[in-house]
Amino acid sequence: MKKRKKLKKAKKVKEKDPSELFQDLFQSKANELDRAFALAVVNIPKLFCQYSIREIASSLFVSSIWLPNISSMMKHQLLAAIFASIKPEEFLNSQSINTYSEFSQFWEKLQAVLPTFFMMEDYVPETDWGDVKFYHDRRNYKIFYGQELCNVNEYLTLFQMLYLPYEKEYLKFAGRSASRELQYCLRLQDEIISGISVQPNQKDLSEISPGHIEVPPSSFWMEAVKFYKNFDIRDNFDEKFLTDYSIELGALSKEYMDCGKFQEMVHIGKLLPIFFILHNDHYYPILIS
C-alpha cells in the first residue's frame, strides 16, 4: 500500500506592524549614514588639504550663508568640524580657488562625498536675511533667524534676563561682560548680513527641501568672498572676545569624527560653540549662522 505523501502546509509569513517597519527603515538609514560618514571623514580632509587654509575657510563661509543651503546645517557643521580638526602643516596649497569655476569644481567634488543626515536635517528653517532683528542696548541688530535654534529670539531674551542683571559680578569674578559679549555676537551677525546683499527672493526660496545643498551662483560668490577678504575682525571686536570664541586650527578632537559622537555633540550644541578658527594670529569667521 502506497504511503500518501503528506502535503506540507505553507507557512504564513507574519506581516510586520508599522512600528517594526519603521524600525527597520530607521536602522537601514542609520547604517547607510554610518558608512557614508566614515567615507566622508576620510575623503574630505584629503580634498581640503589640496588647498590653502584661507581658501577652505572662505569657501565654507560662502556656502553656509547662501540661503538656499539653510536646511543643510548638519553638512556644514561636519565640514567646519573636519576643517577645525586638520593640523595646519597638512594643508599643501597645491591647488587654488581664485575663480568661480575653481570654487564650483571644488564644491561639486565636496558634495559628491557628503553624507545625508535624513533624521537631523528634517526641516527648512526660516529663510530670513535681515528682516528679523533683536533689540539690545538701545539698538536693533539683524540676526540669523533661520538656524538650528527655531526660537532664537527667546534664547537671546533669556540670556539677557539671566546674565545681564549680574554684569558687575561676572566682571569681578570671571573678568567677562555678558552684555559686551552679547553685543559682539549680535554685531557680528549684523555686519555680515548688512555686508552681503545678494540673496534669492522669497519666491525662489519656497521650494527648498530639507537637507538641500547647492553651489552658490557666481554673483553671490564674488560678493561674499570680497566681504570675507575685507572684513577686518580686529577693527570691530576686542582680543578677549576673539580668543574666547575661537578654536585653534587642528585643535578639534578626532573623536568627533565618529558618526554617533558627532551627532551627539551637534544635538547638545557643543561641537563648535565658537565663531572663529584661529591660525597664525588670524581669525577666520566660521559657522556664524
Whether any residue in region 89-109 is under 22 Å from L33 (Cα atoms), under 20 Å from the mean Cα position of the chain (by Cα), polar (S, T, N, Q) and at pLDDT 95 or above is what I want to check. no
Answer with yes or no whether E169 is assigned to a helix (DSSP H, G or I), touching a helix residue (DSSP H, G or I) at 6+ places or on another chain (Cβ under 8 Å) and farther than 30 Å from K261 by Cα. no
Please go through region 263-289 and pick out each residue that is more than 19 Å from K87 (Cα to Cα) and of a type in the set (S, T, Y). S289
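Yes/no per residue for (1) crowded, with 19+ Cβ neighbours inside 10 Å; (2) without any contact (Cβ under 8 Å) to a residue 24 or more places away in the chain; (3) more than 30 Å from K29 (Cβ to Cβ):
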| residue | (1), (2), (3) |
| --- | --- |
| L182 | yes, no, yes |
| G195 | no, no, yes |
| V198 | no, no, yes |
| S206 | no, yes, no |
| H212 | no, no, no |
| A251 | no, no, yes |
| I268 | no, yes, no |
| D281 | no, yes, yes |
| I286 | yes, no, no |
Only one of I233, I196, I247 is β-branched (V, I, T) and under 30 Å from M119 (Cα atoms); which? I247
If D122 satisfies all but one of (1) assigned to a helix (DSSP H, G or I); (2) within 30 Å of P45 (Cα to Cα); (3) within 19 Å of the chain's Cα centre (by Cα), what's the number of the condition it fails? (1)
Go through region 127-157 and count every residue that is free of Cβ contacts under 8 Å to residues at least 24 places away in the same chain and assigned to a loop (DSSP other than H, G, I, E, B). 7
Could you tell me whether region 44-53 includes any residue that is at pLDDT below 70, touching a Lys or Arg at 6+ places or on another chain (Cβ under 8 Å) and part of a helix (DSSP H, G or I)? no
Kindly indicate whether Q160 is outside any helix (DSSP H, G or I), touching a Leu at 6+ places or on another chain (Cβ under 8 Å) and surrounded by 16 or more Cβ atoms within 10 Å (Cβ to Cβ). no
Out of region 62-80, which residues are of a type in the set (S, T, N, Q) and either in contact with a His (Cβ under 9 Å, 6 or more places away or on another chain) or outside any helix (DSSP H, G or I) (or both)? S63, S64, N69, S71, S72
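The values are calculated or read from the model by the stated rules, or taken from the named source; none is laboratory data. The structure displayed is predicted, hence computed values, not measured ones. Glycine also receives a Cβ, built like all others from the backbone with ideal geometry; neighbour counts cover every protein chain displayed.
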